[in-house]
Structures are given as C-alpha cells and as structure tokens.
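K.L.:
Pasting in a structure now, in structure tokens, and then I'll have a few things to ask.
Each value in this text was obtained by applying a stated rule to the coordinates, not by laboratory testing. Predicted model only: the values in this text are computed from it and were never measured. Here the Cβ positions follow ideal geometry from the backbone for every residue, glycine too, while neighbour counts run over all protein chains shown.
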C-alpha cells in the first residue's frame, strides 16, 4: 500500500462519521497514555527520590494488562465494543481521580504501584474492543488505510502529548499531568457516547465464538503471524527496557532532568508518524523487517556515545521511524491473516505477549541499572536486537536460496 494521501485522509473522515468519532476518541485516549508516560515516572521520582524506581513505573500496569488480556479479548468479541471502550475509559477516569485524592496526602511507592495496576487493568479492555470494532466499521482497502492512519495518529500523539506535558510540567508539579490525562480520557468518553456510533458491517459469528483460546489458535496456525509475534516480543521487551533506562541515562551521563525525556518521546512521535506513512513503500518481505530491526539495534548501540540531548533526540528519531513502520506492517498483516469474528481475541492474545515482554523489560531495568549501568544496558539492548535482525536476514536468505534451487530443478 502506498503512503496515505491527504485526499484519502479526507475521504475516510467524510465518508464514515463513526470511524471519525472512534479515531478522535482513540487520539484522546492515546494523548492520555502519552501523558502518563511522562508524568508517572516524574511522579515516582518526586514521591520517592529514587531514580532507579522510575524503571518500575509501568510494571504494574503492563502486568495487569497482560493478565486481563484473554478476558478482554473475549469481552471484545462477545459484547458491544462501543460500550466496552466507554467502560474502559470511564474506569481510567475513576482511577486517576482516586490517585489525585491519594496524592493530596502523599503517596508511597506501593500506592503508586497499586495505581499502575488498576490503570492497566482498566485499559486492557480498550485496545481489543477498538480493534474488533474497526472490523465492523471498515473493510478491504479502507481498513488497511485506516490502520496506517491509526499508526500515524498514535505516533503523532507521542509528539503532541509529551510536548504538552513538558510545557505543563515546566510550570506545574507532576500531579497536574495526572489531571490533564483525566480530562483527555473523559473527552474520549464524550465522543463515543452517542448511540449512532456503531459498526454497520455484519460479521459472521463463529460456532466457537466464546472460546478465548481461538485468538491463540489463529496466530499459531499462521506461519507469518508466529514469526511476527516473536519479533514483536523482542521489540517490546527491549523497547520498554530502553524507555525505562532512558531517564537514568539522561540523569547519570548527561546531567539532565527526567523532564528531558519528553523530547525523546516527541522525536519518536514525529519520526514514527513518518514511518507509518512510508511503511507501504518499504515492502512487506522479511528483509524489510530485518532492516528495520537492525536500525533500532544501531540506535541502541550508539546511545553510550551520545554526549548531548540533541544527539539522543536524533537517535530516538531513527528508532521512532523504525518502530512506526514496523507497527503498521505488523498490524496490516494481522488484519490479513485473522478473521473478523476473532479479531478481538487475536488482538488480546497479541497484547498479552507484548505486555508480558514489556513487563519483564520494565521489571529488569532496576537490576540492569544497578549492576551494569545505563550505558552498558543500551549496549546489551543493541546486541539483542542486532542478533534478532541477523537471524531474520539469514532466514530470508535461506528461503530465497531454496526458492532459486526449486526453480532451477529440471522438470
């Protein structure tokens, strides 16, 4: 698929008001998510004074998200997705309001970790419901274009949200960031509230519609999905560990405040959006996945040699481009391989693996920071993904050689 043109963007928005509402609601929810990425580590640092604990900022959230993913997939395929999305964001609003109340009396790290768990538990239901709902709103080429557009929106929010949060936290304490996120989620609920926001495409119900494991079976039956799931696992594991280590690297090696991390997120958002737009021009073969993974590995290997925030921003920009392109290519392949009636469970199964990988990446950060330090941690991240890229490249070369031998065989 070619890069999404402005004409196609306008056509998607004008032709389907339901898609427009869901996309805008998703945008606001992701702005809330992006704000949490900046505000929550700073909140932990403010409340505990321990920079190594910032690596655990999202361990509770991703653990709860992962544990509830099977149930979330079942709910997404079984019940009305619009109501599920509203319920998920409503729960997040309630938990953020409760967190604001707790912070008024000073919060321990245990209380913040509990808030992270509650936030992840409520958010686990939004993504599978949105993925299943989109299959009831769009189909065919429009659906693939919508996936690319959603990817662009996701990365643009990583540009907009950290920038807004950085400006906000420059003059106000981290608790103001939590209040900002609460407003973003509440606004998403308002967009989804009208009853006419619903899918119009009929989806054939499978005989085993209630079987939660059907999402896993769909992935395991597909060779491309199995391979891409392994790649996404590595990217999420290393990506979360790198994100969790970035605050420590900025503090220890560049003597910068944790707030400077918002510039890295903004760079990721800007170039990630570009990557989502150009993904269709890069090809969909294994060589493309290997090259993009290798690009991410290169940025991590170069981090220990960064001596300024500008260099770090440039590296995170390259990383963001690769992640943006990979995200769109992987999601488009999932849509091609998964049937509409199991889309929620496929998304939930995929999210479970991604979240478990992110959890272990986040949970391992304090150990890595205390044993080998932030600079050597990034070297380890780079070596890990470089190995994955080399393995993928070798597999592509082996398949190409096998194909040539098959063609050259007589008869």
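K.L.:
Using 0.36 nm times the number of residues separating residue 339 and residue 399, minus their current alpha carbon distance, what extension gain do you get?
P.N.:
Length gained, residue 339 through residue 399: 18.9 nm.
K.L.:
A further question follows. Given R₀ = 45 Å, what would the calculated FRET efficiency be for residue 198 paired with residue 104, taking r from the Cβ atoms and rounding to 0.05?
P.N.:
0.70
K.L.:
Mind telling me which of 155, 65, 360 comes out most flexible in a GNM of the chain, alpha-carbon contacts under 10 Å?
P.N.:
360
K.L.:
Per-residue ellipticity at 222 nm for the chain, helices alone: DSSP H runs ≥ 4 residues times -39500 (n - 2.57), over residue total, nearest 500 deg cm²/dmol?
P.N.:
So the calculated ellipticity at 222 nm is -28000 deg cm²/dmol.
K.L.:
Between 325, 121, 394, which gets the highest mean-square fluctuation from a Gaussian network model of the chain, Cα cutoff 10 Å?
P.N.:
Its mean-square fluctuation being the largest, the pick is 394.
K.L.:
Additional query: Shape of the chain from its Cα gyration tensor (a ≥ b ≥ c, root eigenvalues): rounded if a/c is under 1.5, otherwise prolate when a/b > b/c, or oblate?
P.N.:
oblate
K.L.:
What fraction of the Cα pairs in segment 362-405, stated in percent, has a spacing above 12 angstrom?
P.N.:
68
K.L.:
Can you give the FRET efficiency to the nearest 0.05 for residue 213 and residue 79, using r as the Cβ-Cβ distance and R₀ = 22 Å?
P.N.:
The computed FRET efficiency comes out at 0.75.
K.L.:
Turning to a different aspect of this structure: Quick one: compute a quarter of the convex hull surface over the Cα atoms of segment 261-323 and quote it in nm².
P.N.:
4.0
K.L.:
Further, regarding this structure: Calculate, for residue 376 and residue 11, the FRET efficiency according to 1/(1 + (r/R0)^6) with r their C-beta to C-beta distance and R0 45 Å; round to the nearest 0.05.
P.N.:
E(calc), rounded to 0.05, equals 0.35.
K.L.:
Cut-off 10 angstrom, C-alpha nodes, Gaussian network model of the chain. Which of 377, 122, 257 fluctuates the most?
P.N.:
With Cα springs under 10 Å in the chain, the top fluctuation among 377, 122, 257 is at 257.
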